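Worksheet for the structure shown next.
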Amino acid sequence: MNISVKILIFMVAGAIVGTILHQFTGNSLINDYLINGLFHVGGKWFINALKMLMVPLVFVSIVCGVCSLADPKKLGSMSFKTIGLYLLTTALALTLALILASIVKPGDGMPLKEVSYQAKDTIPFIQVLINLIPSNIVEAFVEAKMLQIIIFSIIFGLAITYSGKAGEKVREFFMSLNEVVLEIVNIIMKFAPYGVFFLIAKTFASFDIQALLNGLLSYFILVIVALILHAIITYGSLLKIIGSLNPIVFFKGMWPAMLTAFGTSSSNATLPVTMRCVEKNLGVHRNTYSFTLPLGATINMDGTAIMQGVATLFIAQAYGIDLTAGQLAMVVLTATMASIGTAGVPGVGLIMLQGVLLQAGLPIEAIGMILGIDRLLDMTRTAINITGDAAVTAIVAKSEGEIDLDVYNDPVIHSNFEEKEA
Ligand code: ASP
């Protein structure tokens, strides 16, 4: 069976099993051995396995991508386009979120609950900038600091290219290493359906539906609707208009990665699968995606920006505070920064929301109001986050002539990750 279908089936099964088990959380056998035992351990194994690959995969594939660029100068035009499109899609995401939230007004009439939320540390944007250049590369690898690893890998790849004969040997070594790392991705993907099942079952078993019904339903639905609209309208039209690429083929090809993102709530952890989909199903060459995807998983969070936009207006409405046009513009600016600063791991988007609320002069404790239902939203926005990275990747690859259109347009989507015959 094709892997996307299999993951989907296991995901739905996980949701059903989790919802049923939610009724029995009082039973210590079910709670301790199944939900917090088997499901917890199984899910963590899957996430760990994906994360284990993250650093080697990013390092090796960027090095290979950069040193196999026919013209290293291409890197400049590629970065320019990629970062430009990442910013554009995030700004569009926020605009959509703010427009929808202003029309629907999900926070109006919201009974203000006693909420408590402990402020957590956020990373100031200036620090994100300073941290771009690693002072200690071993530390960057150990702590999986993605931006630093990306920068180091690019420099390393360029150095290989410019080192002539000695560089050639290193290049060959990295090319072989890359094959091996990709094989590990293959092995782990075999377990993806089970991993996703465990993660979803545990989430649904511990999910508090009551919090949703306590007036948060309209906020919840609005975020989901905005996420879906953004994917269809923004990515769909950018792919079609700028990239002349069929959006339906794109979404079909990205399906396994979207489901994995949904299960793991982490763009970083999903990265191996995103790379796999973009290469095998969309035909994007490594020189492009090896650079654009890790960067996107780190700085491009359209789904997170949408949540932050809707949440800010929702909280303002719930407190009966009218935001001026100037404040709204500030929200767009700070939420763009906040989403760039959001790490691709579960739940960080909500922490970064603090900065946006502060800027808009809204109470940070209000986050407590939406905390309870954020888990499910995190899953959905992560799926959009990685889809945005892939959409920009496909468009940039198209404009750089780095996409194999025969693979892209092949009706048989190779979501089972088998090598395509030439
Ligand atoms: N979980 C999200 C991601 O990894 C980040 C967030 O919004 O919390 O993409």
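Each 10 Å bin from zero up to the one holding the largest Cα-Cα distance in segment 1-108 carries the following percent of pairs: 11, 18, 20, 30, 17, 5, 0. Dipole of the chain computed with +1 at Lys/Arg Cβ and -1 at Asp/Glu Cβ about the Cα centre; of S153, I315, F204, farthest Cα towards the positive end is S153. Dipole check for the chain: with +1 at the C-beta of Lys and Arg, -1 at the C-beta of Asp and Glu, and the Cα centre as origin, the magnitude is about 140 Debye.
Dipole magnitude for segment 231-322: about 400 debye, using +1 per Lys or Arg Cβ and -1 per Asp or Glu Cβ, origin at the Cα centre. When you count the other C-beta atoms within 10 angstrom of each residue and take the mean per peptide, 60-68, 324-332, 156-164 line up highest first as 60-68, 156-164, 324-332.
Within the shell of other residues whose beta carbon sits under 14 angstrom from the beta carbon of S68, the net charge comes to -4, with Lys and Arg scored +1 and Asp and Glu -1. Of the residues H40, H230, the one with the largest accessible area comes first in the ranking H40, H230, computed with a 1.4 Å probe on protein heavy atoms. Per residue, the chain exposes 42 Å² of solvent-accessible protein surface, assessed with a 1.4 angstrom probe and all protein chains in place.
Computed packing ranks the peptides 366-374, 257-265 as 257-265, 366-374, most packed first, by mean other Cβ atoms within 10 Å. The label point for D322 and the one for E179, both projected 7 Å from the Cα toward the Cβ, are 6.8 nm apart.
What is the percent carbon and sulfur in the accessible area of the chain, measuring with a 1.4 Å probe over the protein chains and ignoring ligands?
Using a 1.4 Å probe with all protein chains present, the chain comes out at 67 percent carbon and sulfur.
Counting heavy atoms of the protein chains alone, K6 has an accessible area of about 60 Å² for a 1.4 Å probe.
Note on the chain: GNM, Cα springs under 10 Å; of M352, M379, M52, the largest mean-square fluctuation is that of M52. In plain terms, the C-alpha convex hull of the chain casts an average shadow of 20.6 nm² when viewed from every direction.
Ordered from largest to smallest accessible area (heavy atoms of protein chains, 1.4 Å probe), the residues D32, D404 come out as D32, D404. Note on segment 31-93 and segment 150-203: Cα centroid distance 10 Å, given to the nearest whole angstrom.
Kindly provide the Kirkwood hydrodynamic radius of segment 267-328 in Å, to one decimal, from all pairs of distinct alpha carbon atoms. With all distinct Cα pairs of segment 267-328 included, I get 14.2 Å.
Would you list W255, W45 from the most to the least accessible area, probe 1.4 Å? Each step should come with its number before you reach the end.
Working: W255 100, W45 180 Å².
Ranked from most to least accessible, the order is W45, W255.
The values are calculated or read from the model by the stated rules, or taken from the named source; none is laboratory data. Quick caveat: nothing in here was measured; it's all calculated off a predicted structure. Cβ coordinates were reconstructed from backbone atoms using ideal geometry, including for glycine residues, and neighbour counts include every protein chain displayed. Note: accessible area is taken over every heavy atom of the protein model, side chains too, but ligands, DNA and RNA are not part of it. Shrake-Rupley method; radii C 1.70, N 1.55, O 1.52, S 1.80 Å.
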